[in-house]
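Student: Supplied in structure tokens, the structure appears directly below.
The values are calculated or read from the model by the stated rules, or taken from the named source; none is laboratory data. Just so we're clear, the structure is a prediction, and the values are computed from it rather than from any experiment. Cβ placement follows ideal geometry from the backbone for every residue including glycine, while neighbour counts extend to all protein chains displayed. Heavy atoms of the whole protein, side chains included, go into the accessibility calculation; ligands, DNA and RNA do not. Shrake-Rupley method; radii C 1.70, N 1.55, O 1.52, S 1.80 Å.
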Amino acid sequence: MWTAFCRIQIQPRILVDVSKIDMSTTVLGYNMSAPIMIAPTSLHKLGHSEGEVATARAAAACNIIMVLSFTSSCTVEEVASSCNAIRFFQLYVYKRRDVSAQLVQRAERNGYKAIILTADSPRLGRREADIKNRMIAPKLKNLEGLLSTEVVSDEGSNLEAYASATFDPSLCWKDIGWLRSITKLPILIKGVLTCEDAIKAMEVGVDGIIVSNHGARQLDYVPASISVLEEVVHAVRGKVPVLFDGGVRRGTDTFKALSLGAQAVLVGRPVIYGLAAKGEYGVKRVIDMLKDELELSMALSGCPSVKDITRSHVRTERDRVQSML
Ligand SMILES: Cc1cc2nc3c(=O)[nH]c(=O)nc-3n(C[C@H](O)[C@H](O)[C@H](O)COP(=O)(O)O)c2cc1C
Ligand SMILES: CCCCC(=O)C(=O)O
């Protein structure tokens, strides 16, 4: 993913008044201080004893949106009552649909503002480090009293065994109708990598799309998500917001994704690294660094506000090839 970002150049404009830089923007009508969101990642207590509560407090302090993972260590309610961060809820659909439905309804009751359906994981990818290390299956507090997450297998990845036992691999497009029938919240689909799927997502009436390859944790040889962002944006034609994740490590990465049409980026691993290093403060530092770098990138590119960042501020490999024809 890093090399895919490296292949995109920034084309700055000079002599623009950049004495004030405004990074603020909105997603689904919610204001945020910068077009940066926290991606859903599971089990934050593996990184820090305060888990997602610390992450959410950092999101609130930075005034950005956090997406809580379905497989979080803290409950939907604990995170909701810990601070006033704007929160979306990421959903995995289980074979036990009633369990997923209950989680959606708890999220809705507790003030989460959107459902992010992760659609790239009918099964878990083959994660060889997890197999080698005999990764443990999560104890999911959200599911206490609803479903046992104990997996009895003493070899390989228990995470994988757990996912196979619970995730519903028959989930398909028509099930968006089921999801609509159980919630009033906007529904976004995470894991879109092709224009065909972007068009299908709009046909079934989703409220947004997240271009993502799940941090390259699912299928090998899928493209870096930044390399397909533009074609998805073209297919969507502004009808719904397109968000982006995968490999955002620098302010310039955020700038490039915005130039190619993303409304905001989501950040996964850097947030967990900050959390593991220094809890809430560590997450806030990571977000502040990404914001500071974006602010400087905007100033040096001649973009005083997010809407000033346009397609002509970047040059992709395809642009270079086309200019030679
Ligand atoms: C440790 C880890 C756990 C993750 N857990 C989830 C999850 O529970 N649900 C989900 O939709 N995506 C999950 N993801 C994928 C992220 O939401 C996101 O797509 C990806 O990490 C973005 O790339 P980045 O880490 O390069 O920023 C996870 C990623 C990581 C690294
Ligand atoms: C079974 C939990 C899967 C969480 C996830 O999405 C990931 O680890 O990438």
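Student: Among the residues of segment 230-247, which ones are free of Cβ contacts under 8 Å to residues at least 60 places away in the same chain and crowded, with 24+ Cβ neighbours inside 10 Å?
Tutor: Val232, Val242, Phe244
Student: Touching a residue at least 12 places away in the same chain (Cβ under 8 Å), surrounded by 22 or more Cβ atoms within 10 Å (Cβ to Cβ), within 11 Å of ligand 1 (Cβ to nearest atom) and of a type outside the set (D, E, K, R): does that describe His48?
Tutor: no
This table checks each residue for (1) among the hydrophobic types (A, V, I, L, M, F, W, C); (2) in a helix (DSSP H, G or I); (3) in contact with a strand residue (DSSP E or B) (Cβ under 9 Å, 6 or more places away or on another chain).
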site	(1), (2), (3)
Asn31	no, no, yes
Lys45	no, yes, no
Ser49	no, no, no
Glu52	no, yes, yes
Ala60	yes, yes, yes
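Student: In segment 88-199, which helices (runs of 4 or more DSSP H) lie fully inside it and hold 1 or more residues that are within 12 Å of ligand 2 (Cβ to nearest atom)?
Tutor: Those helices (runs of 4 or more DSSP H) span 128-132, 158-166.
Student: Tyr221 passes all but one of (1) hydroxyl-bearing (Ser, Thr, Tyr); (2) more than 10 Å from ligand 1 (Cβ to nearest atom); (3) within 23 Å of Lys174 (Cβ to Cβ); which number fails?
Tutor: (3)
Student: I would also like to ask the following. Identify the residue in segment 242-294 that is hydrophobic (A, V, I, L, M, F, W, C) and within 16 Å of ligand 2 (Cβ to nearest atom) and, among all such residues, is nearest to Val27 (Cα to Cα).
Tutor: That would be Leu266.
Student: Considering only residues of segment 191-212 that are touching an Asp or Glu at 6+ places or on another chain (Cβ under 7 Å) and open to solvent by less than 10 Å² (accessible area, probe 1.4 Å), which is farthest from Ser121 (Cα to Cα)?
Tutor: Looking at the filtered set, the residue picked out is Ile210.
Student: Quick check on segment 248-258. Is at least one of its residues open to solvent by less than 10 Å² (accessible area, probe 1.4 Å), in contact with a helix residue (DSSP H, G or I) (Cβ under 9 Å, 6 or more places away or on another chain), in the same structural domain as Met66 (by TED's automatic domain parsing) and of a type in the set (D, E, K, R)?
Tutor: Looking through segment 248-258, at least one residue is open to solvent by less than 10 Å² (accessible area, probe 1.4 Å), in contact with a helix residue (DSSP H, G or I) (Cβ under 9 Å, 6 or more places away or on another chain), in the same structural domain as Met66 (by TED's automatic domain parsing) and of a type in the set (D, E, K, R).
Student: So which residues in segment 92-114 are of a type in the set (Val, Ile, Thr) and touching an Asp or Glu at 6+ places or on another chain (Cβ under 8 Å)?
Tutor: Passing the criteria: only Val93.
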